[in-house]
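Have a look at the structure below before the remarks.
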Amino acid sequence: MEPQQNLSHTHLFSAQQSRQIDRFAIQSLNMPGILLMKRAAWHAFQTTQAFYPDIRKLDILCGTGNNGGDGFALAQFAQLQGKEARIWLLGDAQKIQHDALTTFKEAQALGIPIQSISKYPSAQTHHEKRLIIDALFGTGLDRPLSAELQTLIQAINEKDLPVIALDTPSGLDSDSGRILGAAIQAQHTCSFITYKIGQFTLHGRDLCGQIHFFDLGLPDDAYRQNLADSIGMHGMRYWRDKIPKPDSTHHKGRAGVDLLIGGNSQMEGALQIAASGSLHCGAGLVHIYSPHSGYLRDIPEIQCHAPENSDLKTLIAKADAIAIGPGLGQNDWARQSLRELIENAHNKTLILDADALNLLAQKDDSEIAAIRKTLQQGHNEWILTPHPGEAARLLNCSVEDIQNDRAHAIRQLQQKYGGIVVLKGNGSLIFDGKQMELCPDGNPGMAVGGMGDLLSGIICALAAQNKNPFTAACLGVYLHANAGDKAAETFGLAGVTPSRMLDSIGKLLE
Ligand SMILES: NC(=O)C1=CN([C@@H]2O[C@H](COP(=O)(O)OP(=O)(O)OC[C@H]3O[C@@H](n4cnc5c(N)ncnc54)[C@H](O)[C@@H]3O)[C@@H](O)[C@H]2O)[C@@H](O)CC1
Ligand SMILES: Nc1ncnc2c1ncn2[C@@H]1O[C@H](COP(=O)(O)OP(=O)(O)O)[C@@H](O)[C@H]1O
Ligand SMILES: [K+]
């Protein structure tokens, strides 16, 4: 996706930040809360009309908070446009307050039927064409759902009717993408004021369906104060525009020299994929250092070096960026190569992936501190690219701990290891200690061996060509994900392979 470049469209916010932005708009920018609620409801109603114009009957499931308030307001727009709207209320009407109470009373005054949601699962026949509006919980969801509520949500999902969720599907943790017991499965989600982090990570993308964003007319000023801890989602074009285009005087000496280290016994393919990734990203020269480098002769553009007749130090000195890990293994040669790289790199960007990360995970805190110091003294930067399994090893925790709060996990990784961290997986994150970016692109077809090796090669080539390693990491992640999406369009999810992604990378870079 290519979001527009104003702050609300290019950043993700937590539930708490969303509330602060909302409050700032109401209190400091004098935008009445009721106006925002009505705008939210109007946009959501327009969405029902854009996607389900023929459905006349709307079941609007409302909680007693402001998310429910959006639902009560939507019910009015629907009724006034000749639809049959019914409100199903979760909780005690006495608890409804402020703006939500206003829209509740207005809905009552219009004669819209309001019933308790406890009657909903058995309420109507399965044959009726109806649209469900989920206005149970939004950003106010702050604890797991009770067993009773979980049963209710399961019963709603089992109805198999189309659902439009307001702000976020109820039951989805809008900070982490976790399911808090059970969650509404929506076809569309109308996200108001902010894109939420949880909509783009873990279960978020599947539960939200298509996301439609409405800033409700808030200006950039409302977002600026909360930018410090927000997560960027700038889109591929933004990062691509940061790198200079090659002019007519371009030559291979200026296109970056890459060195890729790995390809140990039975894992030669991993290094081959990484090297192909570098080549297709415009690398000037690609060197590989591998104990089994002979197999790469069928890629004539690559210069192959074997330990018995090449000096790693000399190769390191020639390279602009060095990736270590694809097919590296963990034998003595692998350990020795990683050590030599750390000790001999000067002014380089190093990319550590796969077994290089697993070797790093075996170090204790004082060894890690010593490695970081050596790298710093040599003016190097490193980019670590763990998948959740490698991240768990690096932090000595479970994969579940990583996935349950990926933004927190990447902060911990960066704090422990420094440099730039790329936490791969659905909604890959990139963090350098200051800026965090999330790439919403990519697809489950990319869960296939070799995909991470391709990413290492791509980032290595971009880091060799560009001075800014954070830009290289972000652009690399976006290019990789978009090449994956292109392959999925052409070959289907099951047909996505790293080799099939190579041909689209060059075009995506333009
Ligand atoms: N001006 C505003 O404040 C605006 C608010 N908006 C809407 O307001 C929503 C946020 O409203 P609220 O802060 O009232 O929060 P919600 O409406 O999401 O829910 C709050 C209520 O749910 C309860 N709750 C939380 N977790 C629960 C659980 N597991 N089981 C049972 N009850 C639980 C809370 O105690 C609270 O009473 C947004 O998501 C958005 O839809 C929009 O209308 C835009 C404008
Ligand atoms: N479900 C998914 N959605 C989006 N991207 C994915 C998904 N599964 C895998 N990927 C991407 O594919 C790559 C897989 O990397 P990795 O697990 O290291 O693969 P390997 O070790 O086999 O090379 C990562 O960049 C990851 O973000
Ligand atoms: K909702």
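The values are calculated or read from the model by the stated rules, or taken from the named source; none is laboratory data. Since this is a predicted model, take the numbers as computed values, not measurements. With ideal geometry, Cβ positions are generated from the backbone for all residues, glycine too; neighbour counts draw on all protein chains shown. All accessible areas refer to the heavy atoms of the entire protein, side chains included, with ligands and DNA or RNA removed. Shrake-Rupley method; radii C 1.70, N 1.55, O 1.52, S 1.80 Å.
Some notes on this structure:
- The P(r) of the stretch 255-508 has a tail past 34 Å containing 8 percent of all C-alpha pairs.
- For the set Arg178, Arg393, Arg297, Arg86, solvent exposure ranked by accessible area (probe 1.4 Å, protein chains only) runs largest to smallest as Arg297, Arg393, Arg178, Arg86.
- Counted residue by residue at 0.36 nm each, then reduced by the alpha carbon distance between them, the extension gain from Lys313 to Gln20 reaches 100.2 nm.
- Counting heavy atoms of the protein chains alone, Glu381 has an accessible area of about 70 Å² for a 1.4 Å probe.
- Extended-chain gain in nm, criterion 0.36 nm per residue less alpha-carbon gap, His346 and Asp241: 35.0 nm
- Estimated distance in nm for a label pair at Gln187 and Asn30, the labels positioned 7 Å out from Cα along Cα-to-Cβ: 4.3 nm
- Residue-normalised accessible area of the chain, expressed per residue, 1.4 Å probe, Å²: 42 Å²
- Gained length - Gln330 relative to Asp364, 0.36 nm times residue gap less alpha-carbon distance: 10.6 nm
- Summing Lys and Arg as +1 and Asp and Glu as -1 over all other residues whose Cβ lies under 15 Å from the Cβ of Ala488 gives a net charge of -1.
- Under the combined filter of DSSP loop state and at most 14 neighbouring Cβ atoms within 10 Å, the stretch 421-473 retains these trypsin sites (Lys or Arg not before Pro): Lys434, Lys467.
- Simple label model, 7 Å out from Cα along Cβ direction - Lys467 to Asp160, nm: 6.0 nm
- Carbon plus sulfur fraction of accessible area for the chain, probe 1.4 Å, in percent: 48 percent
- Taking all Cα-Cα distances within the chain, those exceeding 39 Å account for 33%.
- A 1.4 Å probe over all protein chains sorts Asp160, Asp365, Asp453, Asp220 by accessible area into Asp160, Asp365, Asp220, Asp453, starting with the largest.
- Pairwise label distance in nanometres, Gln49 with Lys373, each label 7 Å out on the Cα-Cβ vector: 6.8 nm
- Cα lying deepest toward the dipole's positive end in the chain, options Asn466, Gly71, Ile410, charges on Cβ: Gly71
- Placing a label point 7 Å from the Cα of Glu128 along the Cα-to-Cβ direction, the residues of the stretch 81-105 whose backbone N falls under 15 Å of that point are 83-89.
- Local electrostatic count, Arg39, Cβ distance below 11 Å [Lys/Arg +1, Asp/Glu -1]: -1
- With DNA, RNA and ligands ignored, accessible area of Arg205 (1.4 Å probe; Å², nearest 10): 70 Å²
- Modelled FRET efficiency - R0 41 Å, Gln210 with Asn396, Cβ distances, 0.05 increments: 0.60
- All other residues whose Cβ lies under 15 angstrom from that of Pro121 are scored, Lys and Arg at +1 and Asp and Glu at -1, for a net of -2.
- The sum of -39500 (n - 2.57) across all DSSP H runs of n ≥ 4, divided by the residue count of the chain, sets its helix-only mean residue ellipticity at 222 nm to -12500 deg cm²/dmol.
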